[in-house]
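Note sheet for the following structure.
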Number of protein chains: 2
Amino acid sequence: MRLLILGIFFLLHLPALPQSEDEKMIRAIFDEALESGQSYQMLDYLSNEIGGRLAGSPQAAAAVEWSREQMVQLGFDNVFLQEVMVPHWVRGNTETGRIVASQTLGSKDVAVCALGNSVGTGKGGIVAEVVMVKSFEELEKLGRENIEGKIVFFNRAMDPTKINTFTSYGGAVNQRGSGASEAAKYGAVGVVVRSMGLNLEDYPHTGSLRYAPDLPKIPAIAISTMDAEILAGVVNEPGLRFFMETHSVMLDDVLSHNVVGELKGTSGKYIAVGGHLDSWDNGDGAHDDGSGCVQAIEALRILKEIGYKPKNTLRAVMWMNEENGLRGGRKYAEFADKNKEVHVAAMESDRGGFIPLGFTLQMSDEQKEKVRSWKPLFEPYGVHDFTRNGGGADIGPLAQQGVALLGLLPDSQRYFNYHHTPADTFDKVEKRELELGAAAMAAMIYLIDKYGL
Amino acid sequence: MRLLILGIFFLLHLPALPQSEDEKMIRAIFDEALESGQSYQMLDYLSNEIGGRLAGSPQAAAAVEWSREQMVQLGFDNVFLQEVMVPHWVRGNTETGRIVASQTLGSKDVAVCALGNSVGTGKGGIVAEVVMVKSFEELEKLGRENIEGKIVFFNRAMDPTKINTFTSYGGAVNQRGSGASEAAKYGAVGVVVRSMGLNLEDYPHTGSLRYAPDLPKIPAIAISTMDAEILAGVVNEPGLRFFMETHSVMLDDVLSHNVVGELKGTSGKYIAVGGHLDSWDNGDGAHDDGSGCVQAIEALRILKEIGYKPKNTLRAVMWMNEENGLRGGRKYAEFADKNKEVHVAAMESDRGGFIPLGFTLQMSDEQKEKVRSWKPLFEPYGVHDFTRNGGGADIGPLAQQGVALLGLLPDSQRYFNYHHTPADTFDKVEKRELELGAAAMAAMIYLIDKYGL
């Protein structure tokens, strides 16, 4: 009795100590991640030994094999591949861009990169006058008489005043995604897009475009934000032209794979957590989305390591081909449907390996309320924002099956410095930030597994 | 009437638009910081043109003159210097550390840096056996018989499981601050301290020590976390010794200055906001605390630019000598006391130029409640944490005058990768993070100025 009273006394007077089972479990998850985490060394291998890994490339195949082996070595209960046919776009060996016949600059080379899925210019390139626009409306207003035979330069900058940089991105990215076909409507012969970045940088950002099926496919490149400023300064000089030469080509689809590792539960249901294994070819894909991949593997490793026995089967999923096709995400949902794998929830980390601030939610209001009731468990770890909607690209196709979707929400301030660029490299990832994200994901999986959704 | 109803209709149906005067003002502050901010270019100059600027150095004098000029050029109403006598510690040209006569490593050089305020070893250095400890208790237990004539190696690592890394720092930094005198109690001839860092790095972290007045002053150096691991692995080998040679010296105090820029109010009272202008000599002091200095100047520039007329006189204060003496902070409080400058509040930014998450508060409970009532105004900008106690080192001396103190609270995950190291350089500062911090400070100053505390 006196011991019990003493115990209660301590509980009352030491509120900082973990009290509930959930608090203890989540503390154990974060301790494991921060003291003995393996996400950083996994990412080191994926980034530095394998590197950039566009779908269909030898590096993508190596990443499939590496992540399979990794999960086998960690002792996951079951590791398997899902076959996915993916597009096989190849950049070509050289890419050239040049401002030609500027009265003030003369001839000036600019760094360029072909947009993903774009056709090449062919040998000899194209050279044409430049029409600068900031919107599709402006393009329409100019019409065929002002655009035909010219290169359209899309130069609407990302809005720096948005606090979440993904909002700024969302406000500019249609220039990259649809600009080529929009310009082709009016007879343009090529497209130059201002890179999707908030800083003034000297390297271009790649990313995929989608050609409208019924319009001519014209070549499209990105230039750096710095060069976009320079080009904008001279674009109206009489006689100015732009030269571009790219050799990108879309080859036949090839066989690739999603990689799935499981910790087996007993309910017959599933919780999936993952990132996309493919990346762009110009960096090593450390933030986009090597981070999400290793965090997913790490989340399951942590739960296994601390001895948690899941009710549901937990899956770490490496989706293939998010960047220029989303075939892996679609295929995963297709298999889940066909095999009647009922998912309690699916979670994705694809916003970079930065400090985790919260989770985005795409689920019913009742489910959101349940997740938000766990907020006090996350707040001691800085994870506090459960207000935003959204899941993620690769888990999106599961929504049709009524699956509750969550996205890890890290800080977004630095993401578009690196996104789709040669600067997306391992050294830009901070070990503790990556680890905190993995732990937040593991904690969320634990709560969903234990309490359902 | 119909127009009024229409107006109300829009207000009710567009909750995302700024509504209140305060919301509009804070939106204008953030827009100015993110669209036309000058903090990043100011920091570029301070870091790259002036560089490391320890109190008493020519660089510190240059930083005084630069910040004075900067605030004059920005059109502040009044810019002046406060005379401060500062300690003048000089590192010396060479610093050497070496593991000697290891059975496994042979002789191995390690990168070292003398701790600030430490005495040098003199020419020829010292060489001695090494005793490794992790606490002052362990040192006491070992006693003079095991320590006399030896070098004490303090190797207690920062705890990686603390989420706020300043807590980890607080749990380890007494080894650096007091280790030399604690070891001198038992006759040690020198001290080697494991750097205050969470990652395994190959560069040492400097920082100041304080010698106890009644004990011998013995030389003290830091080694990198990586070398601390290596030394720990061989420290018990028979015959192993450590060689250290430093030429640091404490010269006579010299005249330096705090720099103060004002936007004049009419109340006769003051609100001070600042950072410390001095920095360590091994980096360029971009995060510690160039960021805080330029954010303070920028906060006032923003308020002036958007046309805000303050009630109280707003001061941007560049304190001198925080790193190895705190003379500037003390002198500022002394002047405030002597000149009867009543301060409504004082705010400091000295935790790096990272993404702002909140403010620490050191004030009465009523005042805290008032500040916390403004939280909804900050949350759209990611600034959400008003739970922590604390002000800052340089504003600390104002507490005796009953001044309410606030500290900008940025994310802490990366700070101790750079703190007091050659890696604390301009390229480690992210433009948007710095700008968001300056805007958060400006917004807080605006609210305190308008509503009082």
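Quick rundown of the values:
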| read-out | value |
| --- | --- |
| Condition check for A:Gly124: of a type in the set (Gly, Ala, Ser) and part of a helix (DSSP H, G or I) | no |
| Any chance A:Asp281 is under 15 Å from the mean Cα position of the chain (by Cα), in the same structural domain as A:Gln401 (by TED's automatic domain parsing), assigned to a helix (DSSP H, G or I) and not aliphatic (A, V, I, L, M) | no |
| Within the range B:419-453, considering residues that are aromatic (Phe, Trp, Tyr) and either within 11 Å of chain A (Cβ to nearest Cβ) or more than 16 Å from the chain's Cα centre (by Cα) (or both), the one surrounded by the fewest Cβ atoms within 10 Å (Cβ to Cβ) | B:Tyr451 |
| Residue within the range A:345-358 that is more than 12 Å from chain B (Cβ to nearest Cβ), touching a residue at least 12 places away in the same chain (Cβ under 8 Å), surrounded by fewer than 20 Cβ atoms within 10 Å (Cβ to Cβ) and not aromatic (Phe, Trp, Tyr) present | no |
| Exclusive hit being closer than 19 Å to B:Gly207 by Cβ and at pLDDT 95 or above, set B:Gly97, B:Gly92 | B:Gly97 |
| Residues located in the range A:131-163, provided they are polar (S, T, N, Q), closer than 26 Å to B:Leu436 by Cβ and surrounded by fewer than 18 Cβ atoms within 10 Å (Cβ to Cβ) | A:Thr161 |
| Which numbered condition A:His257 fails, given (1) in a strand (DSSP E or B); (2) surrounded by fewer than 22 Cβ atoms within 10 Å (Cβ to Cβ) | (2) |
| Listing of strands (runs of 3 or more DSSP E) fully contained in the range B:78-118 that carry 1 or more residues being exposed (fewer than 15 other Cβ atoms within 10 Å of the Cβ) | B:78-90, B:106-110 |
| Any pair with Cβ under 9 angstrom, 6 or more apart, that starts in the range B:8-34 at a residue that is closer than 15 Å to B:Ala443 by Cα and ends at one that is modelled with pLDDT under 95 | B:Glu23/B:Leu17; B:Lys24/B:Pro18; B:Met25/B:Pro18; B:Ile26/B:Pro18; B:Arg27/B:Pro18; B:Ala28/B:Pro18 |
| Enumeration of residues in the range B:363-413 that are surrounded by 14 or more Cβ atoms within 10 Å (Cβ to Cβ), small (Gly, Ala, Ser) and either away from every other protein chain (no Cβ under 12 Å) or without any contact (Cβ under 8 Å) to a residue 60 or more places away in the chain (or both) | B:Gly382, B:Gly390, B:Gly391, B:Gly392, B:Ala393, B:Gly396, B:Ala399, B:Ala404, B:Gly407 |
| Residue match in the range A:119-129 (condition: touching a residue at least 24 places away in the same chain (Cβ under 8 Å), buried (at least 21 other Cβ atoms within 10 Å of the Cβ) and in contact with a helix residue (DSSP H, G or I) (Cβ under 7 Å, 6 or more places away or on another chain)) | no |
| Checklist (1) under 24 Å from the mean Cα position of the chain (by Cα); (2) more than 16 Å from A:Gly274 (Cβ to Cβ) applied to A:Pro380, failing item | (1) |
| Whichever residue in the range B:172-201 is closer than 26 Å to A:Glu435 by Cβ and more than 14 Å from chain A (Cβ to nearest Cβ) and, among such residues, is surrounded by the most Cβ atoms within 10 Å (Cβ to Cβ) | B:Ser195 |
| Failed item, numbered, when A:Val273 is tested on (1) surrounded by 22 or more Cβ atoms within 10 Å (Cβ to Cβ); (2) outside any strand (DSSP E or B); (3) among the hydrophobic types (A, V, I, L, M, F, W, C) | (2) |
| Of all residues in the range A:144-163 being away from chain B (no Cβ under 11 Å) and among the basic types (Lys, Arg), the one that is nearest to A:Ala228 (Cα to Cα) | A:Arg156 |
| Any hit, the range A:301-310, residues being over 18 Å from A:Met42 (Cβ atoms) and of a type in the set (Asp, Glu) | no |
| B:Ala33 vs. criteria at pLDDT 95 or above and in a helix (DSSP H, G or I) | yes |
| Hey, A:Ser279 within 30 Å of A:Lys428 (Cα to Cα), crowded, with 19+ Cβ neighbours inside 10 Å and in contact with a helix residue (DSSP H, G or I) (Cβ under 7 Å, 6 or more places away or on another chain) or not | yes |
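The values are calculated or read from the model by the stated rules, or taken from the named source; none is laboratory data. Because the structure is a prediction, the values reported are computed rather than measured. Virtual Cβ from ideal backbone geometry, glycine too; neighbours counted across all protein chains shown.
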